[in-house]
Amino acid sequence: MAGGTESRHGMWSNRWLFVLAAAGSAVGLGNIWKFPYIVGENGGGAFVILYLVCIALVGVPIMMAEVIIGREGRQSPINTMRHLIKQHHRSPAWTLIGWSGVVAGFLILSYYVVIAGWALFYIMQMGSGALEGVSAAEADHLFSDFLADPWQLIFWQTLFMAMTVFIISRGVIGGLETAVRWFMPALFLLMVVLLGYAMTLDGWSEGVNFMFRFDFSSITPDAVLAAMGQAFFTLSLGMGAIMAYGAYVPSSASIFSTVTIIALLDTLVAIAAGLVIFPIVFTNGLETAQGPGLMFVTVPLAFGQMPFGALFGTIFFLLVSFAAITSAISIGEPALAYVVEEYNAKRSRVAITLGAISWVLGLGTVFSFNYWAEVEILGQPTFFDFATFVTDKVLLPLGGMFIALFAGWALPGTVVGSQLGLKEGPMGIIWKLICGVLAPAAVLVVFLASLFG
Ligand code: PHE
């Protein structure tokens, strides 16, 4: 039912379940695995500030725009766009927002599942006690040996993809709601425990200093683009994931406060992850800029030295895997909901097909760490780098920019006003300025600066 009060895919039973589900989408590998390693690669402090600015000025308004559009259309992003275009007599070109989201979704899911598979592998490693008392060199060794073996990576990738497909086939609403209620709070709790541990380390103040010092010399156009791309990625923006979830939000929920809570939760987890990982890095004399392996080398090292480390370490990687699965589900939802609507197909069958396509694409990432480690793709060092570049630095920011423009200019003010619960007047104008002008302009400037900078 287009533009109605209900979606055919179901509805969140209340606003808090949307908060949990959207937080489940937002909080994932992006916060715990990716944020620290990108901070490390971009020199710390100044990058964190840029990231926070991007979350507040660009991320929050664009997330609001996605929820507005999704709730107005109540279908998959592609069909929501089609419906709104027709209803308000806009150019069909706007549907490209939906299509670019589907392409971005496939690419993201393909590598996301591979990395999440690494977390599954570490559940086993921690659980077996094999990492008790490891040295930094041993932790590093274990990880590089693991990456060198494509069959191992494929095994864990396949397992994680199968779990994702299984949950997503049962529908986002039922499956996710129950799970998210328990695991999200557990993840927050464990982060607090880890933070307490990090504070006792010798490298604590150096870690904090690294994350929050104002070293403005490390701000380059490329770092700004990386910060913005990370803001999009971590908030699940620019590809329709939040738009798809927005379609299941009850009409009565307030968008502004809901989105603010989600962005805050997401940011807290990312900052906490950084504050856990960098003190470990400095305490053990590790490299801050070691890239995607950062979490997988530092965290086992810390647990290896902690009392009950095997137990806590197992729980940690379980929760990371859980956080990853609630995100993976949302990455697939825009494409899945579209195929289900378009062909009246069975959810489970579509989930298996889409999962299979993305699994094959994921082999590119698997081989990026072994067979194809030296194979450049369009100027990027590996396929994995290519996939993250195209999604974080191109498709998500541009998708987000057009989403903001659509909500700011193509949707009538009255529609947006009633979605936001705003009366005509100054608040409406401020919203239009932020969503229609400021946020898209910021994306464009950053984008052009890094192209020509
Ligand atoms: N936000 C998720 C994370 O941080 C990843 C994601 C990206 C989810 C895009 C949906 C869409 O892990």
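The values are calculated or read from the model by the stated rules, or taken from the named source; none is laboratory data. Worth saying up front: this structure is predicted, and the values here are computed from it rather than measured. So basically every Cβ, Gly included, is an ideal-geometry build from the backbone, and we count neighbours across all protein chains shown. What goes into the accessible areas is simple: the full protein's heavy atoms, side chains included, and nothing from ligands, DNA or RNA. Shrake-Rupley method; radii C 1.70, N 1.55, O 1.52, S 1.80 Å.
How large is the accessible surface per residue of segment 15-452, computed with a 1.4 Å probe and reported in Å² as a whole number? It would help to have the intermediate numbers written out before the result.
Values: 16350 Å² over 438 residues.
Ligands and nucleic acids excluded, the result is 37 Å² per residue.
When a/c is below 1.5 the answer is rounded, else prolate if a/b is larger than b/c, else oblate, so apply that to segment 15-452 with a ≥ b ≥ c taken from the square roots of the Cα gyration tensor eigenvalues.
Details: a/c = 1.68, a/b = 1.43, b/c = 1.17.
Prolate shape, in that a/c is at least 1.5 and a/b is the bigger ratio.
For a quick check: with amide H placed at 1.01 Å from N, whose amide H comes under 5 Å from residue 377's, ignoring anything fewer than 5 positions away on the same chain?
Close amide H contacts, sequence-distant or interchain: 382.
Would you please classify the overall shape of segment 170-282 from the alpha carbon gyration tensor, given that a ≥ b ≥ c denote the square roots of the eigenvalues, rounded means a/c under 1.5, and beyond that prolate means a/b larger than b/c while oblate covers the rest? It would help to have the intermediate numbers written out before the result.
On the way: a/c = 2.80, a/b = 1.49, b/c = 1.88.
Oblate, because a/c is 1.5 or more while a/b does not exceed b/c.
Report the charge-dipole magnitude of the chain in Debye, nearest 20, computed about the Cα centre from +1 at each Lys and Arg Cβ and -1 at each Asp and Glu Cβ. Intermediate results must be reported in sequence, preceding the final value.
Numbers: 17 positive and 24 negative charges, 376 e Å.
Roughly 1800 debye for the chain.
State, as an integer percentage, the relative contact order of the chain based on alpha-carbon contacts under 8 Å between residues 6 or more apart.
Numbers: 746 pairs, mean separation 159.1, N = 453.
RCO, the chain: 35 percent.
Amide H to amide H under 5 Å from residue 9: which residues, 5+ apart in sequence or cross-chain, H placed 1.01 Å off N in plane?
Those qualifying (amide H under 5 Å, at least 5 residues apart or on another chain) number zero.
Length gain on complete extension for the stretch residue 90 to residue 195, per 0.36 nm per residue less the alpha carbon to alpha carbon distance?
Numbers: separation 105, 0.36 × 105 = 37.80 nm, distance 4.99 nm.
Extending this stretch completely gives an extra 32.8 nm.
Helix 309-343: angle to the longest alpha-carbon principal axis of the chain, degrees 0 to 90, nearest 10?
With rounding to tens, the tilt is 30 degrees.
Per residue of segment 102-110, in order, report the coupling 6.51 cos²θ - 1.76 cosθ + 1.60 (Karplus, θ = phi - 60°) as ³J(HN,Hα) in whole Hz, putting x for Gly and Pro.
Here the 3J(HN,Hα) series is 5, 4, 4, x, 4, 5, 5, 4, 4 Hz.
Per-residue HN-Hα couplings for segment 134-141, Karplus 6.51 cos²θ - 1.76 cosθ + 1.60 at θ = phi - 60°, whole Hz, x for Gly and Pro?
5, 8, 4, 5, 5, 4, 5, 4
Going by a ≥ b ≥ c, the root eigenvalues of the Cα gyration tensor, does segment 101-195 fall in the rounded group (a/c under 1.5), the prolate group (a/b larger than b/c) or the oblate group? Display every interim value, and only then the final one.
Numbers: a/c = 2.25, a/b = 1.31, b/c = 1.72.
Oblate is the answer for segment 101-195, as a/c is 1.5 or above yet b/c matches or exceeds a/b.
Carbon and sulfur together cover what percent of the accessible area of the chain at a 1.4 Å probe radius? Intermediate results must be reported in sequence, preceding the final value.
Values: 11950 of 17230 Å².
Ligands and nucleic acids excluded, carbon and sulfur reach 69 percent.
Just to verify a number: FRET efficiency for residue 103 and residue 449, C-beta to C-beta distance, R0 = 30 Å, to 0.05?
Numbers: r = 25 Å, r/R0 = 0.82.
Computed FRET efficiency for residue 103 and residue 449 comes out at 0.75.
Across segment 434-439, in residue order, what do the Karplus-derived ³J(HN,Hα) couplings come to in whole Hz, using 6.51 cos²θ - 1.76 cosθ + 1.60 with θ = phi - 60° and x for Gly and Pro?
Couplings: 6, 7, x, 10, 4, 4 Hz.
If we sort 90-100, 64-74 on the protection proxy, mean other Cβ atoms within 10 Å, highest first, what's the order? Don't skip to the answer; put the middle values down first.
Working: 90-100: 16.6, 64-74: 26.8.
In descending order of packing, they fall as 64-74, 90-100.
Against the longest alpha carbon principal axis of the chain, how many degrees, from 0 to 90 and to the nearest 10, is the axis of helix 77-87 turned?
20 degrees
How far is it, in nm, from the label point at residue 343 to the one at residue 206 when both lie 7 Å from their Cα along the line to the Cβ?
Result: 5.6 nm between the two label points.
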